[in-house]
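To start, the structure itself, in structure tokens.
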Amino acid sequence: MTQTANNYGKVLYDISISKEEIEQTAKLIKEEPRLLEILQDPTIGKTKKYKIIDRIFDGKMASFLKLLCKYGRIGQLADAFTAYHEYYDKQHGILRGQVYYVNPLEKAEKEQIVQFLKEKFSCENVLLEEERDEALLGGYLLKAGGIEYDFSYEGRLRQMEKKLTGRWTL
């Protein structure tokens with residue numbers, strides 16, 4: 001993600017566009033990709049693009065989209081939305097993570113993972129996405145805050161292999 005997209009994400013947060021409005025806009029653009037193509041098309045004038053934006057969007061979101069069109073940055077809209085969500089989470093003490101497992105985690109395990117992440121990253125809330133991954137053999141793999149914690153059987157086997165082979169090398 002570019003610094004420009006990060007800046008636009010922060011602008012979205014600073015001008016108080018609601019999270020719901022951003023999600024609705026992202027959903028609309030995902031469902032109607034032609035809209036983004038039209039807004040990116042250099043052969044279509046800004047005036048026509050602004051009219052299209054005004055017909056579909058209101059208030060601050062319309063102004064924001066016009067700004068992106070004006071500077072030829074509408075192609076960074078998805079990245080700006082991603083940056084907004086990251087900035088929003090940071091401002092509200094939310095950490096997002098993914099946990100990959102073979103067998104569904106017990107409630108106590110989930111609570112232990114959440115507590116571990118809260119302490120590790122000094123955050124108030126942890127939102128975990130859970131996904132099944134048969135390749136792990138057992139245990140789980142946790143990704144959060146740009147760090148990967150491998151508590152899977154496969155990962156532990158790799159660690160044991162490294163220790164064993166490392167002892168025999170000169």
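The values are calculated or read from the model by the stated rules, or taken from the named source; none is laboratory data. These numbers were taken from a predicted model, which means no experiment stands behind them. All Cβ positions, glycine included, derive from the backbone under ideal geometry; neighbour counts span all protein chains shown.
Scanning the stretch 90-116 for residues that are in contact (Cβ under 8 Å) with a residue 12 or more places away in the chain and within 30 Å of residue 4 (Cβ to Cβ) gives 91, 92, 93, 94, 95, 96, 97, 98. For the condition over 15 Å from the mean Cα position of the chain (by Cα), surrounded by 13 or more Cβ atoms within 10 Å (Cβ to Cβ), outside the structural domain of residue 140 (by TED's automatic domain parsing) and free of Cβ contacts under 8 Å to residues at least 24 places away in the same chain, residue 39 does not qualify. In the stretch 146-163, the residue that is nearest to residue 111 (Cα to Cα) out of those that are surrounded by 12 or more Cβ atoms within 10 Å (Cβ to Cβ) and small (Gly, Ala, Ser) is 152.
Taking the stretch 30-56 as the range and being among the hydroxyl-bearing types (Ser, Thr, Tyr) and within 11 Å of residue 69 (Cβ to Cβ) as the test, the residues that pass are 47, 50. I need a count of the residues in the stretch 136-164 that are modelled with pLDDT of 80 or more and either among the small types (Gly, Ala, Ser) or not assigned by TED's automatic domain parsing to the domain that holds residue 113 (or both). Total meeting the criteria: 6.
Residues that are small (Gly, Ala, Ser) and more than 29 Å from residue 23 (Cα to Cα) number at least 1 in the following strands (runs of 3 or more DSSP E) confined to the stretch 84-170: 139-144, 147-152. Of the residues 76, 98, the single one that is in contact with a Ser or Thr (Cβ under 9 Å, 6 or more places away or on another chain) and of a type in the set (S, T, N, Q) is 76.
Out of all the residues in the stretch 72-79, is one or more surrounded by fewer than 17 Cβ atoms within 10 Å (Cβ to Cβ), in the same structural domain as residue 27 (by TED's automatic domain parsing), under 20 Å from residue 7 (Cβ atoms) and among the polar types (S, T, N, Q)? Within the stretch 72-79 (the criterion being surrounded by fewer than 17 Cβ atoms within 10 Å (Cβ to Cβ), in the same structural domain as residue 27 (by TED's automatic domain parsing), under 20 Å from residue 7 (Cβ atoms) and among the polar types (S, T, N, Q)), the answer is no, since none of the residues qualifies.
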